[in-house]
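The values are calculated or read from the model by the stated rules, or taken from the named source; none is laboratory data. Quick caveat, the model's predicted, so the values are computed rather than measured. Positions of Cβ are generated from backbone atoms using ideal geometry, with glycine treated the same way; all protein chains shown enter the neighbour counts. Only protein heavy atoms, including side chains, enter the accessible area calculation; ligands, DNA and RNA are left aside. Shrake-Rupley method; radii C 1.70, N 1.55, O 1.52, S 1.80 Å.
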Amino acid sequence: MSNYNINKGIGRTVEFKGLKAQYLFIFAGGLLGVLILVMIMYMAGANSYLCLFIGAGGASLIVWKTFALNGKYGEHGLMKMGAKKKHPRYIICRKAVHRYLKFTPKSSGL
């Protein structure tokens with residue numbers, strides 16, 4: 001009887017060459033952006049060596065920074081850093097305390 005391992009990675013995050021989670025999207029989007037930039041520059045008539053230099057430099061920078069972020073912050077760390085920036089450091093309370101407390105008298109129901 002054959003033994004098949006089906007759906008071995010359910011519940012695990014997507015990983016490609018060590019890049020996990022949102023870093024894959026940063027990596028793919030960055031490389032796609034560099035490719036489009038180089039194509040626009042080449043069609044606009046820029047020097048082909050300049051296009052080649054900018055393409056290779058931009059792609060290597062994207063690869064380097066993406067792997068550095070992945071190593072530094074981990075799988076969910078970049079989202080945690082973004083969430084931490086959105087939280088206020090402290091809450092400002094400028095009204096007097098009695099303005100927050102509203103006492104309504106009980107009405108006589110009869």
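Placing +1 on the Cβ of every Lys and Arg and -1 on the Cβ of every Asp and Glu, with nothing else charged, gives the chain a dipole about its Cα centre of roughly 1080 debye.
Take the Cα of K86, step 7 Å toward its Cβ, do the same at R99, and the gap between the two points is 2.9 nm. Relative to the longest principal axis of the Cα atoms of the chain, helix 22-44 runs at roughly 50 degrees. Expressed as a fraction of 2.2 N^0.38 Å, the C-alpha radius of gyration for the stretch 49-108 is 2.50.
Computed over the chain, the percent of Cα pairs more than 24 Å apart is 60.
The value obtained for the stretch 42-82, namely the Cα convex hull volume divided by the number of residues, is 80 Å³ per residue.
Protein heavy-atom surface of the chain, 1.4 angstrom probe: 65% of the accessible area is carbon and sulfur, with nucleic acids and ligands not counted. Surface exposure of the stretch 1-86, expressed per residue as accessible area with a 1.4 Å probe, stands at 81 Å².
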